[in-house]
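Below is one structure, written out as structure tokens, with a few remarks after it.
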Amino acid sequence: MVSGLCDVVSLALAQLGLDDAHIMYVHVSTDVLYGLESQGPVSYYAVVALPLHKFFGVSAPPDNWTHTLQLQDEGSVVVRVDEVKKLCRQVKASSTGAFEALFTTQSNNHIAYQSPAWLTLVAMRDMFVTQYMAVHYLGQARSHLDITQKMKPKSSKFETWPLYNIYRALFAADMIIKGSLLVITFEEGSPELACLREMKDASSAEELAGAYKARALLDSLQTALASCPYKASVTQDDEGTLSTWLTSTRLLLFKQ
């Protein structure tokens, strides 16, 4: 087993036919990643690398897997896995999920494992932050606000995406627009974490009020987007750097 890797994740990957040599990164993928207390089943997110020869032939291997383990002590545990090429595509597309992995910090104790190759990518992460990431976060918030506000008052809760997740997306967009370091896990005592906790425990009436405030924040961030100091999107040079890293990583891991 890879040193420091969660036993549960290693077991799930083994059942998918992946051994420790494939593993690049693993983190806890529940609300605790954002600083909240998790009330649901434990889940993990992992990034793996397959050897280059797997991509030869008629059928390409899958680029993502989801596996659920039923454990006697921990109940249901979900492990979601992306092949590293998919992660690179997400980085090039400024996908928010990819950057949650790249900007989660070891100090928060949410990372179960990071390979040396992964740490090399983390060291380059700032070059891939773009205005388009903020657009993605704002788009997530807008679409789910539209859906949930149409559902009210028929539904007693925000069922499609919890309101605290909408705020989390808005806070991330705000950091990018301001040119601040992207923070995934909010520190104890921060106003952002206090807001997320308030929205997570909110009553139906409090959620309605919180939704109107979220809409106002969304509108103000949309206006401020033009002043974002980051480049509009990932450049061709950035893509070249990412492709070089991906190729060298496979060669190094599997000595091909």
In whole Hz, what ³J(HN,Hα) sequence does the stretch 178-187 give by Karplus (6.51, -1.76, 1.60; θ = phi - 60°), x for Gly and Pro?
7, x, 7, 5, 6, 10, 8, 9, 7, 6
For the chain, give the share of DSSP beta bridges that are antiparallel, in percent and rounded to the nearest 5; count only bridges with both residues there.
75
Rounded to the nearest 20 Debye, what is the dipole magnitude of the chain about its Cα centre when Lys and Arg each give +1 and Asp and Glu each give -1 at the C-beta?
760
Residue-level accessible surface for C195, protein heavy atoms, 1.4 Å, Å²:
30
How much solvent-accessible surface does T241 expose, in Å² to the nearest 10, with a 1.4 Å probe and all protein chains in place?
50
Roughly how tilted is helix 131-151, in degrees to the nearest 10 and between 0 and 90, from the longest Cα axis of the chain?
50
How big is the accessible area of F186 in square angstrom, nearest 10, if you roll a 1.4 angstrom probe over the protein chains?
20
Expressed in nm to one decimal, what extension gain is obtained for the pair S190 and I147 from 0.36 nm per residue of sequence separation less their Cα-Cα distance?
12.6 nm
If you line up the long axis of helix 204-224 against the longest principal axis of the chain, both from Cα atoms, how many degrees apart are they, to the nearest 10?
70
When the helix-only estimate is applied to the chain (DSSP H runs of n ≥ 4, each -39,500 (n - 2.57), divided by the residue count), what is the mean residue ellipticity at 222 nm, nearest 500 deg cm²/dmol?
-15000 deg cm²/dmol
Give the label of the value calculated from the structure for volume of the Cα convex hull per residue in Å³, choosing from (i) 138; (ii) 242; (iii) 151.
(iii)
Here FRET efficiency (C-beta to C-beta, Q106 to L52, R₀ 41 Å, nearest 0.05) is 0.90
Amide H contacts under 5 Å for Y44, placed H, 5+ residues apart:
S29, V78, V79, R80
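The values are calculated or read from the model by the stated rules, or taken from the named source; none is laboratory data. Small disclaimer: the values here were computed from a predicted structure and weren't measured. Reconstructed Cβ throughout: ideal geometry from the backbone, glycine too, with neighbour counts over all protein chains shown. The accessibility values were calculated without ligands, DNA or RNA, using every heavy atom of the protein model including side chains. Shrake-Rupley method; radii C 1.70, N 1.55, O 1.52, S 1.80 Å.
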